[in-house]
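No value in this document is a laboratory result; all are computed from the given coordinates. The shown structure was predicted, so the numbers you read here are calculated from the model rather than taken from an experiment. Ideal geometry is used to build each Cβ from the backbone, glycine not excepted, and the neighbour counts take in all protein chains shown.
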Amino acid sequence: MCFIKNKITYVLGALFFIMVLTSAVSIWRFGLVPLRHSIVCNTKLHLKFMKINKNIERLKTKTRLIIYYEKVKPLNYRYKLKQTLNKTEILVGKIDSGYKNTAAFIKKTAPYANYDPKIVKIFEKSYFQWETFGKPDIKNFIKYPVYIAPITSYRLFSKYILMPVSSSIMPSMAPALEALSYFKYIINMYFFVFILGTIIIIMVGILLAYYFSKLFIVRKSEQRLKTFFSKLPVPSLIVNVESGLIIDANKKAVEFYGYSKEEFTHMTIAVINPFISIEEKIDFMAKSLNEGYNFAIFKHKLKNGEIRDVEAHISGIIYDNKPYVQAIITDITEKIKAQKRVERLFNFNAALAMINQTIAESADEKEMLKSVCELAVKYARLKLTYIGTPDEDEKLRFLASAGETGYLDGIFISVNPDIPEGQAISGRTWREGKMHYAQSFMGSPFLSPWKERAERFGIESAANLPVYRNGKIWGLFGVYHYEENIFDEDLKTLLEEIAKNISRGLDRIDVLIREHELMAAQEAILNNTIAGISITDQNRLYINLNNRFAEIFGYGSKDELLGQSARLLYFDDEEYNRVGEFYKNIFLEKKTATISPIYFKRKDGTAIWCEMSGSPVSINGQDAAIWTLYDITEKKLLEDKLKDSEELFRTLADNMPEGLDMHTEKFIYANPALQAKLGYSEEELKNMFFWDILAEEHKKTAKDAIKKGLVDIDYKHYVTFKVFKKTGEELWMYIYAGSALYKGKRVRIATFTDITELVQLRKQLEKEKESYKNISEKDDLTGIFNRRKFKSSLERLIKIAARYKRPLSLVMFDIDRFKEINDNFGHQAGDSVLSELTALVGTALRDTDILARYGGEEFMVIMPETDINDAENIAERIRKTVENRIFKYATSVTISLGVGRYADGEDADGFIKRVDGALYKAKQGGRNRVCIV
């Protein structure tokens, strides 16, 4: 018994000694050493958090400055913007480096630093927000500030781009407080250890009591865990780590996934997450069990087959005295959709801005349509775009496309409602004139003819929009995307805006084409000033004519005839209707018609005989006829007299100075004057065809005229032909021919007027005229139009703008502080700047714009068919081009510009004066700017 007591004493003494020694070692190992590590590591972590937070605040300041510079554009903003962008990019690098270093520091020191898991979780969330949203958005903003900043505000930018960055700011005092808390904990532990050393027996009893109470607490904790698990407001699962079997699922999980509680307990985690291997899932859960917590984003499959994006928070637990992992599931599908939607809207807005710029600058239809498709694919991240119009068979013909264009190879799309290929969104858009879309390509039965093709090219959704031209539907704008259900209301609005802008671009190109046609018609009138020229519409109303035409009919001004019916110039309806028959050749058959003679009435009531030739033209897209008229009254009277007497005809013919002949297909008679001019005898000519003396290019015309004249006795015509003498010498003859009866047969009688010297003189005059024109209209220094040419061009375009109600804009600009350039570098340097400036401005203008030197360092730009907004945009582009140029002598040159639009009733001087006022306003406003009036 004593032995037992001594043994108990020895055991208790040894136990006491061991406990004291253990306490001392524990104090050192688990007190002082961890205390030092905890304080040092938490302090360093505190400093790292402060540094990251400081850089994030600086980043927000820089982004606010970038938006300010792009929107307000203060003086010298480009330099400031560039500096700010560089600093912002450096800040992004510092923040990114700070996150990476901090993550590495936490991973390295976590085993002994005793970090608060909440602080670590906050940091991991902050780092995830930065890597996933903040850093990519900020980098895109730095890369494309010119497209993003002008179309957004700081409020929107903060909401959609800076929000992830702002949420990345971490409470930097937490690590320090945690270290302090841990220090207090160690001090308290020391106190209790010393007390335990003195009252060890009591402590042993307390330890035993603690052991049994712990068992009770664990069981009670498990019960609380089960209660907490069942009442969680979000889906939660308990999973066996080794097998992947689902042990339990709460009520929210049953509602979310659609499986019953019993079905859950008979399935593995692979059923709801079939997108990764079971080995990867088990490794992930094992890691969560070992580390206590883990986090990831997965795609989970519900019982109904729907795929949802979820955020899984996984931690190790003790459940029924066994280790498992608990997964708390948060549905983030809508959140991810919202993020993707913001990104899509951003991309489509960028595409819209680029497309608008291209449309505003395009003058070629084919290039414009091609650029629109390419920009939509590049910036809006579309799979495929096309622009097409139906052909005669109602099959869609593709004018331009970009992206996965292989999808269109050999495809058949129709707008015919009677066939399946015409009942899809393309045909419905064409027939109804409004946008149609398919949110799911595979789920739309009317798209079945193309489903296999769409699946091969990764197309999931599609939309078609109408493109209008001159107020009528002209074509279709097709859009294909690689995701389903993307066409929300905002995206539809952007697509409709793109389609409308394409329509506006086509209308603008049509206006330019009509302008060119009108200019061509006016040139035709001016180039035929020898004869009377008129232009009539299909109702035979005069819409334009030259002064010579009015003179022939005795009118003092052409304005007396403009808008009047041609019936005014005829004595009776019979002659008026006879001439009207020739309009069919012009308007229906698109052929030239020559009518002679025509019996007209002059203003004073006297009669006049004329010959008239008409050709079809297009004026503003409408059919019209341009007529050339000659007064042949004297020739008509002569022909009448010649018919009275053949002898008189012979006498006149043999003695007239002009050449005269009678012919069918061969010569019958040639007067001496014609024989002398050609060098042939009359006998030689009688053995020749009429067209043997003509140049090759005129022979067919002569044959057709002879053939028609031998059938129609009233057919007469005039023409200028190149004729060859017997010696081969070239002559130019003005030939007037008519039909007559000779010995009971129809023949042709023609007069030959030698106009060789006149043609040669005209060619020489044209050369001299062109030479004089270049001298009188060009500025010697810059090579552009001078003030004289500018004034005449402006007056001509003002008349056109006033008559046809078309927009016309004028830009006036001069060089800021040009006198300083001359004073500092010399007048030769000033001349060099003027020449270099005009060449530079010319590259920023369109083909239709007219650049002229107005005087000194002042310049003018005339912009036909341009409203005030487009003119202001072009002026701003000119200003930026000059501002960014480094000149040879003066490295920095700026200009001030005034812009104005022509007002009805305003003359050229008044127009110039108004625009000059706008230029003065720009000068007073600080120079290097554009002002409109």
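Before anything else, pin down the relative contact order of the stretch 531-638: Cα pairs under 8 Å, at least 6 apart, normalised by residue count, whole percent.
Details: 208 pairs, mean separation 29.1, N = 108.
Rounded, it is 27 percent for the stretch 531-638.
Give me the dipole magnitude in Debye, nearest 20, for the chain about the Cα centre, with unit charges on the beta carbon: positive for Lys and Arg, negative for Asp and Glu.
About 6400 debye.
Hey, what angle do you get for helix 696-709 against the long axis of the chain, alpha-carbon based, 0 to 90 degrees rounded to 10?
The angle comes out at about 60 degrees.
For the chain, with the dipole built from +1 on Lys and Arg beta-carbon atoms and -1 on Asp and Glu ones, taken about the Cα centre, which of 610, 109, 797 lies farthest toward the positive end?
Projecting each Cα onto the dipole axis, the largest value belongs to 109.
Add -39500 (n - 2.57) for each DSSP H run of 4 or more in the chain, then divide by its residues: what number comes out at 222 nm, to the nearest 500 deg cm²/dmol? Walk me through the numbers before you get to the answer.
On the way: 32 runs with 480 residues, N = 933.
When only DSSP H runs of four or more count, the value is -17000 deg cm²/dmol.
Please enumerate, by chain and number, the aspartates and glutamates with C-alpha under 16 Å from the C-alpha of residue 80, excluding those fewer than 8 residues away in the same chain.
Result set, ordered by chain and number: 70, 89, 883.
Rounded, prolate or oblate, given the Cα gyration tensor of the stretch 779-932, with a/c below 1.5 counting as rounded?
Prolate.
Full-extension gain between residue 802 and residue 823, please, as 0.36 nm times their residue separation minus the C-alpha to C-alpha distance.
Residue separation times 0.36 nm, minus the Cα-Cα distance, leaves 3.1 nm.
Please give me, ordered by residue number, the trypsin sites (Lys or Arg not before Pro) of the stretch 369-459 that lie in loop per DSSP and have at most 14 other Cβ atoms within 10 Å.
Details: sites: 370, 378, 381, 383, 395, 397, 428, 431, 434, 451, 453, 456; in loops: 381, 383, 434.
Counting only loop positions with at most 14 other Cβ atoms within 10 Å, the trypsin sites (Lys or Arg not before Pro) in the stretch 369-459 are 434.
Projecting each Cα onto the charge dipole of the chain (Lys/Arg +1, Asp/Glu -1 at the beta carbon, about the Cα centre), which of 738, 878, 88 comes out farthest on the positive side?
88
Please compute, over every Cα-Cα pair in the stretch 531-638, the percentage with a separation greater than 18 angstrom.
The share of Cα pairs beyond 18 Å in the stretch 531-638 comes to 45 percent.
Given a Förster distance of 22 Å, report the FRET efficiency between residue 357 and residue 496 from their Cβ-Cβ distance, rounded to the nearest 0.05.
After rounding to 0.05, the efficiency reads 0.70.
Rg and Dmax of the stretch 656-762, Cα atoms, in Å?
Spelled out, the Cα radius of gyration and Dmax of the stretch 656-762 are 13.1, 43 Å.
Hey, rough spin-label estimate for residue 261 and residue 758, points 7 angstrom out along Cα→Cβ, what's it come to in nanometres?
My value for the distance between the label points is 11.4 nm.
If one takes the longest principal axis of the Cα atoms in the chain, at what angle in degrees, from 0 to 90 and to the nearest 10, does the Cα axis of helix 365-380 lie?
Long axis of 365-380 versus the principal axis of the chain: about 0 degrees.
Could you compute the FRET efficiency for residue 455 and residue 381, with r as their C-beta to C-beta distance and R0 at 30 Å, rounded to 0.05?
With a Förster radius of 30 Å, E is 0.95.
Express the Stokes-Einstein translational diffusion coefficient of the chain in µm² s⁻¹, to the nearest whole number, given a Kirkwood radius over alpha-carbon pairs, 10 °C and a viscosity of 1.306 mPa s.
D, rounded to a whole number, is 41 µm²/s.
Roughly what angle does helix 489-526 make with the longest principal axis of the chain, taking Cα atoms, 0 to 90 degrees, to the nearest 10?
Between helix and principal axis, roughly 20 degrees.
Evaluate the distance, in nm, between pseudo-label points positioned 7 Å from the Cα of residue 666 and of residue 295 along their respective Cα→Cβ axes.
About 11.0 nm, to one decimal.
Stretch residue 620-residue 883 to full length: gain in nm at 0.36 nm per residue minus the Cα-Cα span?
Additional length available on full extension: 90.7 nm.
Restricting to DSSP loop positions (anything but H, G, I, E, B) with no more than 15 other Cβ atoms inside 10 Å of their own Cβ, which GluC sites (Glu not before Pro) remain in the stretch 362-453?
Hits after loop and neighbour filter: 392.
Which entries in the list 82/139; 226/301; 87/139; 378/492; 635/726 go over 21 Å, if you measure between the two C-alpha atoms of each? Present the calculation step by step, with values, prior to reporting the outcome.
Numbers: 82/139 14 Å; 226/301 26 Å; 87/139 12 Å; 378/492 18 Å; 635/726 29 Å.
Distance filter (> 21 Å) returns 226/301; 635/726.
I need the phi-derived Karplus couplings for the stretch 811-821: 6.51 cos²θ - 1.76 cosθ + 1.60, θ = phi - 60°, integer Hz, Gly and Pro marked x.
Residue by residue, the stretch 811-821 yields 10, 10, 9, 9, 7, 5, 6, 5, 4, 5, 5 Hz.
For the stretch 364-516, with only Lys/Arg (+1) and Asp/Glu (-1) charged at the beta-carbon, what is the dipole magnitude about the Cα centre, in debye rounded to 20?
It comes to approximately 200 debye.
Measure off 7 Å from each Cα along the Cα-to-Cβ vector at residue 892 and residue 904, then give the distance between these two points in nanometres to one decimal.
4.7 nm
Determine, from the Cβ-Cβ distance of residue 589 and residue 711 and an R0 of 25 Å, the FRET efficiency 1/(1 + (r/R0)^6), rounded to the nearest 0.05.
Efficiency, from the Cβ-Cβ distance: 0.85.
Reachable aspartates and glutamates from residue 395, Cα under 12 Å, same-chain residues fewer than 8 places away excluded?
421
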